[in-house]
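One structure below.
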C-alpha cells in the first residue's frame, strides 16, 4: 500500500475532500465529500443511489484531493481504486457522522442504502508549492 508522507498526514483530519470518479462517458465527475482516515485507510460513506457510487461500481478508478484550505498551494492527492462494501446497519455512516456532527441517515430517502468506500491507493502525491 502507498502511504501518505508524514509532511501531509495532518490533511487527513481535514473537513472536506474532492472525490473524482469516471462517468459512463469516460468524463471526470467531481464531488465534495466527507471522509475519514479510519485506521490508516481513507474511507467514505456514500448513498448507494448516487451517481458517484454508480460510477465507482462500474469503474473503480478514482482520486481523492484534500486541499489545505489555510495554504492552497499545499494538497494531497490519492489516486487509487475503490472497494465498496455494504453498510446496512449504518455502523460506518454513524462513525462519519461523529466527525461531522451529523446523522447521515437523515440525508437518505426511505429505501436508500449506504456503502463504505475504501480508497486503495496506487499513487500518492503530496504537494507543497508554498516554499
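Computed from the coordinates by the stated procedures, all read-outs in this text should not be read as laboratory data. Model, not experiment: these values are computed from the prediction. Here Cβ is always computed from backbone atoms with ideal geometry, including for glycine, and neighbour counts include all displayed protein chains.
For residue 55, are the conditions met, namely being over 25 Å from residue 24 (Cα atoms) and surrounded by 12 or more Cβ atoms within 10 Å (Cβ to Cβ)? Please lay out each step first, then the result.
On the way: over 25 Å from residue 24 (Cα atoms): no; surrounded by 12 or more Cβ atoms within 10 Å (Cβ to Cβ): yes.
For residue 55, the condition - over 25 Å from residue 24 (Cα atoms) and surrounded by 12 or more Cβ atoms within 10 Å (Cβ to Cβ) - is not met.
Can residue 30 be described as surrounded by 13 or more Cβ atoms within 10 Å (Cβ to Cβ) and in contact (Cβ under 8 Å) with a residue 12 or more places away in the chain?
Working: surrounded by 13 or more Cβ atoms within 10 Å (Cβ to Cβ): no; in contact (Cβ under 8 Å) with a residue 12 or more places away in the chain: yes.
No; evaluated as a whole, the condition is false for this residue.
Since residue 42 meets every condition but one in (1) more than 17 Å from residue 125 (Cα to Cα); (2) under 9 Å from the mean Cα position of the chain (by Cα), which condition does it not meet?
(1)
Just wondering, is there one or more residues in the stretch 64-87 that are closer than 19 Å to residue 2 by Cα and assigned to a loop (DSSP other than H, G, I, E, B)?
no
I'd like to verify a number: residues in the stretch 6-30 that are within 20 Å of residue 92 (Cα to Cα) and in a strand (DSSP E or B), how many? Talk me through it step by step, then tell me what you get.
Restricting attention to the stretch 6-30, the residues satisfying the condition of being within 20 Å of residue 92 (Cα to Cα) are 12-19.
Add one more test, that the residue is in a strand (DSSP E or B), and what stays is 17-19.
Within the stretch 6-30, residues that are within 20 Å of residue 92 (Cα to Cα) and in a strand (DSSP E or B) number 3.
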